[in-house]
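*Asks:* Just dropping this structure here.
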Amino acid sequence: MAHADRDYQYPVQWIGGGEMPEWIASERFHAGIYDANSGHLHPLKYCLGLAAAARRAGVRIFEKSAAYLLERGVRPVVKTAIGDVICDFVVLAGNVYLSDYTDGLAPEIQSRILPVGTYMIATESLGPERAAQLMPRRPAVSDNNYLLDYFRLSADHRVIFGASESYTGLKPRNLAGRLRKRMLAVFPQIDDVIISHAWGGFVDVTMNKAPHFGRLGHNIYFLQGFSDHGVAMAGMAGQLVAEAIAGQAERFDLFTKLRHLPFPV
């Protein structure tokens, strides 16, 4: 805390054990840190809002048209099953899914990221009173375990609980049941509540947990390695790569200087 405040002018608030019930009704946590500059949002609505804003700006979005080949050159060509796209610039932002359909559009960068399965459940609505008993101040919470648990309340008073579950590339069996067990370790008082939704996918993690941005030649850029911080960081990354394409690459190049080691095969 002192380091963040002194060196980065980024103050955070210490929450002692006696204050924890004001934040989380759980005996699992003995203390915490509150970051008033952070927040939480509905990620799908955010994504749809970005897509709507892009369309209003004249961007054309093509769904269900997976790229299977990238031909590099003065004007790169992205090939799909239904047509080719001839480009001035290409931005590769598919993360671990770049190699889903082929051997990969950029195999030289794929070894720098590891797919980590992360999964979530949502309970039925608890109603405003019971939800407030669990988390009176409605924070977004993450613990500091190596395999994180993270959770918050939704606008309609559900518990949304997530966890990093898998480094194997395989989807866990009985996903809802496994996550429910972890949720009840935090909130045993809601063992009567029904799980209404379960979902998940893979995030891309680098060896040093720092983002991996760079170029492949002068006209192909890549953005990957968001390491569980993609919702917030991807928007910043998009702004930086747009600046670089427009000729102002100073901020983008700060990230290209980070060293990233490959994961062992």
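*Asks:* Stretched out fully, how many nm does the piece from F62 to A232 gain, at 0.36 nm a residue minus the Cα gap? Could you put the intermediate results ahead of the total?
*Replies:* Details: separation 170, 0.36 × 170 = 61.20 nm, distance 2.38 nm.
Full extension from F62 to A232 adds 58.8 nm.
*Asks:* Once you put a point 7 Å from the Cα of D143 and another 7 Å from the Cα of I194, both along the Cβ direction, what distance in nm separates them?
*Replies:* Result for the modelled spin labels: 2.8 nm.
*Asks:* What residue among V12, V141, V91 shows peak mean-square fluctuation when the chain is described by a Gaussian network model with Cα springs under 10 Å?
*Replies:* The residue with the greatest mean-square fluctuation here is V12.
*Asks:* Another question, then. What residue among A198, A52, A122 has the largest mean-square fluctuation in a Gaussian network model of the chain, using Cα springs under 10 Å?
*Replies:* Result for the chain, Cα springs under 10 Å: A52 fluctuates most.
*Asks:* Mind checking region 1-43 for GluC sites (Glu not before Pro) that DSSP puts in a loop (not H, G, I, E or B) and that have at most 12 other Cβ atoms within 10 Å? Kindly include the intermediate steps, with their values, before the conclusion.
*Replies:* Working: sites: E19, E22, E27; in loops: E27.
Hits after loop and neighbour filter: E27.
*Asks:* Of the listed values [x] 123; [y] 166; [z] 248, identify the label whose number matches volume of the Cα convex hull per residue in Å³ calculated from this model.
*Replies:* Checked against the structure: label [y].
*Asks:* Return one number: the angle in degrees, 0 to 90 and rounded to the nearest 10, between the long axis of the Cα atoms of helix 43-56 and the longest principal axis of the Cα atoms of the chain.
*Replies:* That helix lies at roughly 40 degrees to the long axis.
*Asks:* Roughly how tilted is helix 230-245, in degrees to the nearest 10 and between 0 and 90, from the longest Cα axis of the chain?
*Replies:* Once rounded, one gets 20 degrees.
*Asks:* Could I ask something else about it? Only sites in a loop by DSSP and with at most 12 other Cβ atoms within 10 Å count here; which chymotrypsin sites (Phe, Trp or Tyr not before Pro) in region 159-265 make the cut? Show your work: numbers first, answer last.
*Replies:* Details: sites: F161, Y167, W199, F202, F213, Y221, F222, F226, F252, F255; in loops: Y167, F226.
Of the chymotrypsin sites (Phe, Trp or Tyr not before Pro), the ones in loops of region 159-265 whose Cβ has at most 12 other Cβ atoms within 10 Å are Y167.
*Asks:* Another one. Within region 55-137, which GluC sites (Glu not before Pro) sit in a loop by DSSP and count at most 12 neighbouring Cβ atoms inside 10 Å?
*Replies:* Passing sites in region 55-137 are E63.
Bear in mind that the values in this text are calculations on the coordinates, not laboratory data. All of these numbers come straight from a predicted model, not from anything done at the bench. Glycine also receives a Cβ, built like all others from the backbone with ideal geometry; neighbour counts cover every protein chain displayed.
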